[in-house]
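The structure appears right after this line, and notes come after that.
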Amino acid sequence: MLIVLVVLSKMATTFQGCAQGVEKISLRSELEKSLGYSHAVRIGDNLKISGAENIDDKGVIVASGNMEQQVKNCYDDLGKILMHYGFTFDDAVVENVHATNMKDFSNVSAFRNTIYTTRSPNQGQVIEIEIEAYKSRTKMENTMEQTKDYIGMWVTKDGYIRQELLPNNRYDEARGNRKSAYQGSYKVTGNYIYYKDDTGFTADGQFVDENTLHHGGYIFYRELKKETK
């Protein structure tokens with residue numbers, strides 16, 4: 001088994017406390033819920049990611065005994081979480097590796113060198129990677145709850161997802177050509193948003209600034225109203 005712990009930062013400053021809020025994200029929500037943990041937790045400017053393992057959504061080991069493929073799979077999972085929060089592997093300041101066979105890991109370390117481009121910091125289960133991250137974020141003078149600037153249309157960069165946050169605390173989300181693909185209620189607390197769709201599914205997200213919303217592994221941008229002549 002291989003375990004890698006990474007701490008990421010773009011600034012050499014002391015970690016802040018929990019008062020800045022807590023965000024959680026799951027890669028395999030049903031499995032993680034049954035086991036009682038979240039794959040990653042962001043506390044203020046700190047990002048902590050639990051061990052990335054080579055398992056599918058049912059907890060079955062993938063690429064059993066194959067160190068090279070398991071290394072790639074683990075870094076792929078970590079990359080998804082880092083991207084969600086706006087980090088990259090180059091923000092890493094610490095990486096701890098524990099393996100059942102370090103020689104096997106060394107033999108495939110060339111792939112790891114493609115991950116860190118500027119600097120490095122069970123039977124069949126040969127790799128697990130854990131990561132922790134830190135990145136200073138721009139602070140807003142007032143929270144989105146106070147300004148209510150969240151009301152309006154939020155769109156992914158490719159325009160595929162269009163999520164309208166309505167003044168009555170309802171949302172209407174379109175996906176591609178599917179209008180009103182998801183509908184439900186939402187609540188904004190501070191700079192965090194909590195969703196509950198009409199089928200009972202819940203999710204959350206965070207406004208990282210006045211024009212950017214991180215939610216469900218996607219980055220949404222405020223759609224600015226066009227000026228009328």
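The values are calculated or read from the model by the stated rules, or taken from the named source; none is laboratory data. Owing to the predicted nature of the structure, the values given are computational and were not obtained by experimental measurement. With ideal geometry, Cβ positions are generated from the backbone for all residues, glycine too; neighbour counts draw on all protein chains shown.
For the reader, a short list of remarks on this structure follows.
- Whichever residue in region 167-213 is touching an Asp or Glu at 6+ places or on another chain (Cβ under 7 Å) and outside any strand (DSSP E or B) and, among such residues, is nearest to Leu224 (Cα to Cα): Glu210
- Taken over region 179-191, the criterion of being surrounded by fewer than 12 Cβ atoms within 10 Å (Cβ to Cβ) and closer than 16 Å to Gly216 by Cβ is satisfied by no residue.
- Any hit, region 80-89, residues being assigned to a strand (DSSP E or B) and modelled with pLDDT of 80 or more: no
- Some residue of region 37-47 being surrounded by fewer than 17 Cβ atoms within 10 Å (Cβ to Cβ) and either aromatic (Phe, Trp, Tyr) or not assigned by TED's automatic domain parsing to the domain that holds Lys24 (or both): yes
- When region 175-222 is filtered for residues that are closer than 19 Å to Arg42 by Cα and charged (D, E, K, R), the ones remaining, listed by number, are Asp204, Asp209.
- Boolean, Gly51 is of a type outside the set (D, E, K, R), under 25 Å from Ser109 (Cα atoms) and modelled with pLDDT of 70 or more: yes
- Boolean, Lys135 is out of contact with any His (no Cβ under 6 Å at 6 or more places or on another chain), surrounded by fewer than 15 Cβ atoms within 10 Å (Cβ to Cβ) and modelled with pLDDT under 75: no
- Region 143-165, subset assigned to a strand (DSSP E or B) and not hydrophobic (A, V, I, L, M, F, W, C), residue farthest from Gly184 (Cα to Cα): Thr156
- A single entry from Ile115, Ile81 fulfils the requirement of being within 26 Å of Ala203 (Cβ to Cβ), crowded, with 17+ Cβ neighbours inside 10 Å, among the aliphatic types (A, V, I, L, M) and not assigned by TED's automatic domain parsing to the domain that holds Thr212: Ile81.
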